[in-house]
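Following: one structure in structure tokens, then a few remarks.
The values are calculated or read from the model by the stated rules, or taken from the named source; none is laboratory data. Computed from a prediction, not measured in an experiment: that's the story for all the values here. As a convention, Cβ positions derive from the backbone with ideal geometry for all residues, glycine included, and neighbour counts pool all protein chains shown.
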Amino acid sequence: MASTSICNTAWHSLTPLWQGDRETVQQGLPQTQMAAAWQMLLLGDGSPTRHLQLLTGEQTEVDLIDMSNIGMDSDSAPEEIQLLSGPRLRRQVWLQTASGQRLAYATSWWQAKQVDEYLQNRNLPIWASLSGRRTELYREIRGIYYGKSALLESAFSQTGSFWGRHYLFWHQGQPLTLIYEVFSPYLRKYLGSEVTCRQEQFTTFQRIDESHHVSR
């Protein structure tokens, strides 16, 4: 599957309708708001690459979109980017099956000085790169999102809103990388419905500060 063109000077976040913070992630959501299978994918601390492989029965592959040096810029990323000392590098990928079905979009930010050490093969999923090195990691999910993206609708060939999240990987007590992921509704084929979201169901979510969440 050919890559949808994405400018290498931007990344693509959801324009959120609602978002949940770390407390929401830790508590989980009532199953009237999100089905258990989707919560395991979005709120669990396991490898999404591995989960996608087990769900589809196919190898999860990376379609590398972009590797950009962003220097000291915060890149409109989640605020945790400040935990990564600059200069920084941003990586964008599609996660897809071996047969080319796109399952997720991911952007990650790294300290430029560490990229060559931890991502020796830029075309491998992060999980494959780090597990191959026997790197001990802690995945700390810091936020969950439900929102819109016209570009992702086109790229996934799926209409409607999307679920996303961002998290930190910690290694030896230090933040290693910040990752932002959005999952395709195509995964309903394997997980079932994530349950339709209604405004009154999300009163525990924080209101969005539009100045920090800009549609790209």
Q: Take the residues in region 12-68 that are β-branched (V, I, T) and not in a strand (DSSP E or B), then tell me which one is surrounded by the fewest Cβ atoms within 10 Å (Cβ to Cβ).
A: T32
Q: Could you please let me know if A77 is modelled with pLDDT of 90 or more, among the aliphatic types (A, V, I, L, M) and in a loop (DSSP other than H, G, I, E, B)?
A: yes
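Could you check, for region 92-107, whether at least one of its residues is within 12 Å of T177 (Cβ to Cβ) and modelled with pLDDT of 90 or more?
Narrowing region 92-107 to residues within 12 Å of T177 (Cβ to Cβ): 106-107.
Filter once more, so that each one left must be modelled with pLDDT of 90 or more: 106-107.
Within region 92-107 (the criterion being within 12 Å of T177 (Cβ to Cβ) and modelled with pLDDT of 90 or more), the answer is yes, since at least one residue qualifies.
Out of curiosity, is I81 among the β-branched types (V, I, T) and crowded, with 20+ Cβ neighbours inside 10 Å?
Against the criterion (among the β-branched types (V, I, T) and crowded, with 20+ Cβ neighbours inside 10 Å), I81 qualifies.
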(Q) Could you go through region 195-204 and let me know if any residue there is in a helix (DSSP H, G or I), closer than 18 Å to L43 by Cβ, modelled with pLDDT under 65 and not charged (D, E, K, R). (A) yes
Q: Please identify the pairs in which a residue from region 2-21 that is polar (S, T, N, Q) has its Cβ atom under 9 Å from the Cβ atom of a residue that is in a loop (DSSP other than H, G, I, E, B) and at pLDDT 90 or above, counting only partners at least 6 apart or on another chain.
A: S13/S76; S13/A77; S13/P78; S13/S149; T15/S149
Q | Near pairs, Cβ below 8 angstrom, 6+ apart or cross-chain, from region 136-159 (in contact (Cβ under 8 Å) with a residue 12 or more places away in the chain) to any residue that is part of a helix (DSSP H, G or I) and polar (S, T, N, Q) | A | I144/T24
Q) Could you list, in sequence order, the residues of region 93-105 that are part of a strand (DSSP E or B) and surrounded by fewer than 21 Cβ atoms within 10 Å (Cβ to Cβ)? A) T97, R102
